[in-house]
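Written below as structure tokens is the structure these notes are about.
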Amino acid sequence: MPVAAAAVLVLAAPAQAQPGQPADPGQAGQAAQSGRVSIVIDSMTPQTAKPGSTVTVAGTVTNGTSQTKGGLDVQLLTSPTIFQTRDEMDGFVSHGTGASLEQVGDSFSLAASLRPGATVQWHASFQVNTVGMDQFGVYPVSAQLGDGQGGVLGVDQTLLPFWPGQQAAGLARPLDIAWVWPLIDQPHHQVCSALTSNDLTTSLAPEGRLSALLRAGQGNPGAHVTWVVDPALLSDVNTMTKPYQVASGQGCGAVNEPASKAAKTWLDTLRGITAEQTPVLTPYANVDFSALVHSGLAPDITSAYTMGYAVADSVLHGSFGPTIAVPAGGTADLSVLTNLATVQHIGAAVLDSSEMPPASSSVFEPDDAVTSIRTPSGANMTILLADHVLTGVLAAADTSSGVLPPSTQFTVTQRFLAETAMIAAEAPDSARSIVVDPPENWSPSATLASDLLSQTASTPWLSPTALDSLPSAPDSQHTLARQRPPGGKDSPGELTGSYLSTVAQTGDELGVYTDLLYQPSNAYVQGLQQALTATESSAWRGPAAHQGLKLAGKLKRFMSGEEGQIKIIAAQQVPMGGSSGLVPVSIRNGSQHAIRVRVNTRVVAVPDRTSQLSIGHFQSLITVQPQLAPTVRLPVNSAPIGPTAIQLTLTTVHGKTLPLPPTSLTVESTRYGRAILFLIGAAIGILVLTSVFRGVLRRMRADTRVTPEDADLPGSVETGTSGARHPTEAPDDLADARRWADDT
């Protein structure tokens, strides 16, 4: 078919872009902002050429100027010479340099004029045999946009791997390639039962990030990816499989959400995968290894791993333990690696290859992904080096929307093929391996994720393998001398010292709060610890630090609110008549959890007093159930006359002081009680003596007086006109004693 006719068909095809209708809005917008006419390659078939192949390259042209452009054409260029090094290849892709190009195939003419802002598609072909491609390696391909008068308006370039067959390639054995496939997200757990946000619903949806990663890995079993899973994500997704809550404000207020079918489907799928293939677990919330070690919080790494294993056991219904460490960003110094080897008992770690470059760069030596180091503690650790260039290529494909422009998707997959082919072609007679480690928050489109794994399984110079199989694979390059990681060096963007200082303070407060609780449930304590660990996540590196601090602040406010429900109830002033007595004090627990506290007392000494008040032994450690206020009675002894202040504080069972203001009460002693008791005793004595005296006196009178026969009985009332009187009563001696006591 004539080229011009092909161009007409392209323009007329309804599924393709018409002049004035951008095929890729992102590209068209970029071109318009640039003020130029641009050309982009967004596909090449086949992506790997073989002897006799016809290679078809396609893309778009966009008019970013304010003028209509006509007479445009596209010409392909390539070379019969392969790249010798990866640096040469990178220079060509980045700047179009490092290759001697020649025109191949027929040019593609754009028949219609291109209006301002319009985009049109193009395609052109060439045969590899006519170019002279016959050697295993990577060849340059360039698409050049001309103005029809010999001028060049724009250029785009790509890379074409050529595979002549196993024997012709001279490849001793395919490259072992291991994918680190990350199922990691920022933690959504907080101290309240509600999730921090409902963002996971989008990520777990069919076209969401986590769903795309899971489907791609499941759909390409031949790629043998190594799943790297954050247990915090497992916990959050598991929460969503039942009716759950999402935080609605600063406090613990929440909005109810129904159970998520997408979350259940995702988790069930992952359970099926991990039942056959054991995943690599990060510590809970993928905590920042480097920052914690550098800030003196290394024990938190141990806690995070222990927590992570327990969560994974529960959610995935398996049994998990230490395997391989995957530090955030692929960076870790010797202090971090020493902790992983000696404390966490982890025998291998994945680092970016830039962390341990070859010792000599003057002469090319084929390197390998597997090496080892001996830590300062004497422990040996296997290091799996993730290819730095490939990590950068994959990072360029990150998207928050789940959709990538066709040109970006093509660039990433083609660069992946070219880079791996270049590694294999550098030293085809050696046995080598590569590790591919995308960023932990990688968000590719579903199509790109699947395409990359499909290429991994089908590319002839690659042999997919699991990450933990690499150390035992045949390898001729394990002995390459490499630079050791630095003894102490911050990882790029790691959590700052000031940030972790806030976290450490929150951790101290949590230690006090948990020590206060009496026989709390394991689930409650675990939830508190998870909320703290979530603040140490590497997800809060850089600009995201404010989100981590927000979690820490919420945890602090929660604990403060719970502790604020505990109060000491005592009268401000306690009168005391004697030198000793019991002073009642109540401990009120208004929270929803039982507590155990120790009541501590301190007598405020009064200067110039010869004697001071003292407090005797009492049951100071008490358990207080929720919504109760038991009373403690303080035995006060030797109270001097006048006021004496007592300060009351509460501590936990292990002596940690609760952050509550001290309570003061004043004991007011008058000593009047002794005098009153003495006087009452004296009055009673007088009463007894006078009663005895009166009894004796009456008896004596009875003995000396004779009563007439007709006389009335004592106490009788005389009738008639008799003027006899009642006997006179004795004086009220008790009344006299009371008056004497009052006068005294």
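The values are calculated or read from the model by the stated rules, or taken from the named source; none is laboratory data. This structure is a prediction, so every number in the text was calculated from the model and none was measured. So basically every Cβ, Gly included, is an ideal-geometry build from the backbone, and we count neighbours across all protein chains shown. Accessible surface is based on the protein model in full, side chains and every heavy atom, while ligands, DNA and RNA are left aside. Shrake-Rupley method; radii C 1.70, N 1.55, O 1.52, S 1.80 Å.
With the gyration tensor restricted to C-alpha atoms of the range 118-211, the semi-axes of the equivalent ellipsoid amount to 46, 27, 10 Å, longest first.
Rounded to two decimals, the Cα-based Rg/Rh of the range 355-449, with Kirkwood Rh, is 1.06.
Remark on Leu634: its backbone amide H falls under 5 Å from those of Val583, Val585, a criterion applied only to residues 5 or more positions apart or on other chains, H modelled at 1.01 Å from N.
Measuring with a 1.4 angstrom probe and ignoring ligands and nucleic acids, Leu628 comes out at about 90 Å² accessible. For the pair the range 551-610 and the range 104-165, the centres of their Cα atoms are 83 angstrom apart.
How much accessible area per residue does the range 329-394 have, in Å², with a 1.4 Å probe?
On the way: 2400 Å² over 66 residues.
Ligands and nucleic acids excluded, the figure is 36 Å² per residue.
Modelled label positions at Asp515 and Ser314, each set 7 Å beyond Cα in the direction of Cβ, lie 2.5 nm from each other. Residues in the range 506-628 average 48 Å² of solvent-accessible surface per residue, probe 1.4 Å, ligands and nucleic acids excluded.
Between Gln135 and Ser620, the distance separating the two model label sites (each 7 Å from Cα on the Cα→Cβ line) works out to 8.6 nm.
Heavy-atom accessible area with a 1.4 Å probe sorts Asp156, Asp398, largest first, into Asp398, Asp156.
Centre-to-centre, using Cα atoms only, the range 400-450 and the range 295-341 are separated by 27 Å.
Compactness ratio for the range 427-505: Cα radius of gyration over 2.2 N^0.38 Å (N = residue count) comes to 1.64.
Entry comment: accessible area of the range 167-218 is 33 Å² per residue, from protein heavy atoms only and a probe of 1.4 Å. Counting only protein heavy atoms and a probe of 1.4 Å, the accessible surface of the range 319-364 is 59% carbon and sulfur.
Amide H contacts of Val599: Leu621, Ile622, each under 5 Å away and 5 or more positions distant or on a separate chain (H built 1.01 Å from N in the peptide plane; Pro and chain starts excluded). Normalised by the number of residues in the range 122-190, the average gap of Cα pairs under 8 Å and 6 or more apart makes the relative contact order 27 percent.
Could you order Cys252, Cys192 by accessible surface area, starting with the largest, using a probe radius of 1.4 Å? Each step should come with its number before you reach the end.
Details: Cys252 75, Cys192 10 Å².
Result of the area sort, largest leading: Cys252, Cys192.
Taking label positions 7 Å along the Cα-Cβ direction at both Leu628 and Ser94, the computed distance is 7.2 nm, reported to one decimal.
Taken one residue at a time, the phi angles of the range 88-104 give Karplus couplings (6.51, -1.76, 1.60, θ = phi - 60°) of 4, 5, 5, x, 5, 5, 7, 10, x, 10, x, 8, 8, 9, 9, 5, 9 Hz. Gly and Pro are set to x. The 3J(HN,Hα) values that the Karplus relation (6.51, -1.76, 1.60; θ = phi - 60°) gives for the range 311-316 are, in residue order, 5, 4, 4, 6, 7, 8 Hz. Gly and Pro appear as x.
With every protein chain kept in the model, how would you rank His617, His189, His345, His294 by accessible area, 1.4 Å probe, largest at the top?
Reading off the accessible areas and sorting them downward yields His617, His345, His294, His189.
Each residue of the range 576-592 is assigned a 3J(HN,Hα), and the resulting list reads 9, x, x, 8, 8, x, 10, 9, x, 9, 10, 10, 9, 10, x, 7, 9 Hz, derived from the Karplus form 6.51 cos²θ - 1.76 cosθ + 1.60 (θ = phi - 60°), x at Gly and Pro.
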